[in-house]
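Next up is a structure, given as structure tokens.
The values are calculated or read from the model by the stated rules, or taken from the named source; none is laboratory data. Small disclaimer: the values here were computed from a predicted structure and weren't measured. Don't worry about glycine lacking a Cβ; one is built from the backbone with ideal geometry, like all the others, and counts go over all protein chains shown. When the accessible area is computed, the model is the full protein with side chains, heavy atoms only, and any ligands, DNA or RNA have been set aside. Shrake-Rupley method; radii C 1.70, N 1.55, O 1.52, S 1.80 Å.
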Amino acid sequence: MMVATAAACGDSGGSEGSGSGDDSIVLGFSQVGAESGWRTANTKSIQESAEEAGIELKFADAQQKQENQIKAIRNYIAQRVDVIAFSPVVESGWDTVLKEAKDAEIPVILTDRAVDSADDTLYETFIGSDFVQEGRLSGEWLVEEFADAPGPVKIVELEGTTGSAPANDRKQGFGEAIAADPKFEIIASQTGEFTRAKGKEVMEAFLQAHNDIDVLFAHNDDMGLGAIEAIEAAGLVPGQDITIITIDAVRDGMQALADGKINFIAECSPLLGPQLMELVEQVHAGETVPKRVVTEETTFTQEQAKEALPTREY
Ligand code: GZL
């Protein structure tokens, strides 16, 4: 009777606030959206890892809107989930809702993207890539690849979602790297919102405005793949007439790299699920976790893509 009563009240002993009525941890997750191949792979990793870990996952897709993420987080607070995790679509504007989670004594984990809050007690940890490094590695490859070019080397840039950590940081890292030589010049830069469709549309505009583009730096594979469609429609050869650098290394990007349509990709792993679930369990158990968990990544040339493709997980 005691066990039944305990179960009925949802008080499974110790897991304060669990909405499931049994011992499993209840995790509320707010996802950015489904804008890219990276995001799809990231969602799959989170859902499969929660299943594997026996964690009850409440999942909400915000369709790239901050107000939807804030609404989802408030719902999770009202449902008294055990842990909240989310990938902030943009860096700013989170303090109020994170303070509400803190006041409700529900721990928060940031995944994939960071927030610019000055108060880092509002979240337990941030697990994700070093986006500045991804931009830097992209720029360093270009500087090396064009070392003998007389210049100017004219670059157009497809930026990620305006205000997002990956867009801000990749731009910063790339800019710092190409500052090594003034022959490198970014002649146009605009957001392609991390999507193929917008990347194609903006690249079409770049091609209409400039007939001397040497390089495209796209903050993710999907915008690069959209741009390739525009480049080919303009009668140019991607990877030859215009050197293309992207970030992510999702399957479609790696295929284009192996096919010679992209020249270099800096990896950004979406497979954060297993590490996230470990952190959820540690945080729920009241263990101290590192404030920052950086995911391990690499880079790919065309030859390396051919070798890696057969065993790529995403
Ligand atoms: C990076 C992630 C970015 C990817 C894009 O960690 O936030 O968002 O680079 C995705 O493909 O849309």
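If we scan region 203-211, do we find a residue that is modelled with pLDDT of 95 or more, within 16 Å of the ligand (Cβ to nearest atom) and part of a helix (DSSP H, G or I)?
Among the residues of region 203-211, not one is modelled with pLDDT of 95 or more, within 16 Å of the ligand (Cβ to nearest atom) and part of a helix (DSSP H, G or I), which makes the answer no.
Condition test on Trp94, is it over 21 Å from Glu281 (Cβ atoms), outside the structural domain of Ile244 (by TED's automatic domain parsing) and of a type in the set (Phe, Trp, Tyr)?
Numbers: over 21 Å from Glu281 (Cβ atoms): yes; outside the structural domain of Ile244 (by TED's automatic domain parsing): yes; of a type in the set (Phe, Trp, Tyr): yes.
For Trp94, the condition - over 21 Å from Glu281 (Cβ atoms), outside the structural domain of Ile244 (by TED's automatic domain parsing) and of a type in the set (Phe, Trp, Tyr) - is met.
Another question, if that's okay. Identify, from the list Ala167, Ala147, the residue that is within 11 Å of the ligand (Cβ to nearest atom) and either surrounded by 18 or more Cβ atoms within 10 Å (Cβ to Cβ) or outside any helix (DSSP H, G or I) (or both).
Result of the check over Ala167, Ala147: Ala167.
Please count how many residues of region 42-56 are surrounded by 20 or more Cβ atoms within 10 Å (Cβ to Cβ) and touching a residue at least 24 places away in the same chain (Cβ under 8 Å).
Going through region 42-56 one residue at a time, the tally reaches 6.
Pairs please, first residue from region 196-215 and on the phi < 0 side of the Ramachandran plot, second anywhere and open to solvent by 70 Å² or more (accessible area, probe 1.4 Å) and outside any helix (DSSP H, G or I), Cβ atoms under 6 Å, 6+ apart in sequence or on different chains.
Correct list of pairs: Val202/Gln190.
In addition: Is it fair to say Leu271 is hydrophobic (A, V, I, L, M, F, W, C), part of a loop (DSSP other than H, G, I, E, B) and within 16 Å of the ligand (Cβ to nearest atom)?
Yes; evaluated as a whole, the condition is true for this residue.
List the residue pairs whose Cβ atoms are under 7 Å apart, where the first residue sits in region 89-117 and is within 18 Å of Arg292 (Cα to Cα), the second is within 13 Å of the ligand (Cβ to nearest atom) and open to solvent by 60 Å² or more (accessible area, probe 1.4 Å), and the two are 6 or more positions apart or on different chains.
Glu91/Asn168
Identify all residues within region 276-314 that are in a loop (DSSP other than H, G, I, E, B) and without any contact (Cβ under 8 Å) to a residue 12 or more places away in the chain; write none if there are none.
Those that are in a loop (DSSP other than H, G, I, E, B) and without any contact (Cβ under 8 Å) to a residue 12 or more places away in the chain: Ala285, Gly286, Glu287, Thr288.
I've got another one for you. Within the bounds of region 237-254, is there any residue that is aliphatic (A, V, I, L, M), open to solvent by 20 Å² or more (accessible area, probe 1.4 Å) and not in a helix (DSSP H, G or I)?
Scanning region 237-254 turns up at least one residue that is aliphatic (A, V, I, L, M), open to solvent by 20 Å² or more (accessible area, probe 1.4 Å) and not in a helix (DSSP H, G or I).
So, of the residues in region 84-97 that are hydrophobic (A, V, I, L, M, F, W, C) and under 23 Å from Asn42 (Cα atoms), which turns out to be surrounded by the fewest Cβ atoms within 10 Å (Cβ to Cβ)?
Val90
Further question on the same structure: Could you check, for region 76-83, whether at least one of its residues is within 16 Å of the ligand (Cβ to nearest atom) and either surrounded by fewer than 22 Cβ atoms within 10 Å (Cβ to Cβ) or farther than 23 Å from Glu296 by Cβ (or both)?
No, region 76-83 contains no residue that is within 16 Å of the ligand (Cβ to nearest atom) and either surrounded by fewer than 22 Cβ atoms within 10 Å (Cβ to Cβ) or farther than 23 Å from Glu296 by Cβ (or both).
Also, quick follow-up: Check Ala180, Ala233 and return the single one that is open to solvent by 10 Å² or more (accessible area, probe 1.4 Å) and at pLDDT below 95.
Result: Ala180 is the single residue among Ala180, Ala233 that is open to solvent by 10 Å² or more (accessible area, probe 1.4 Å) and at pLDDT below 95.
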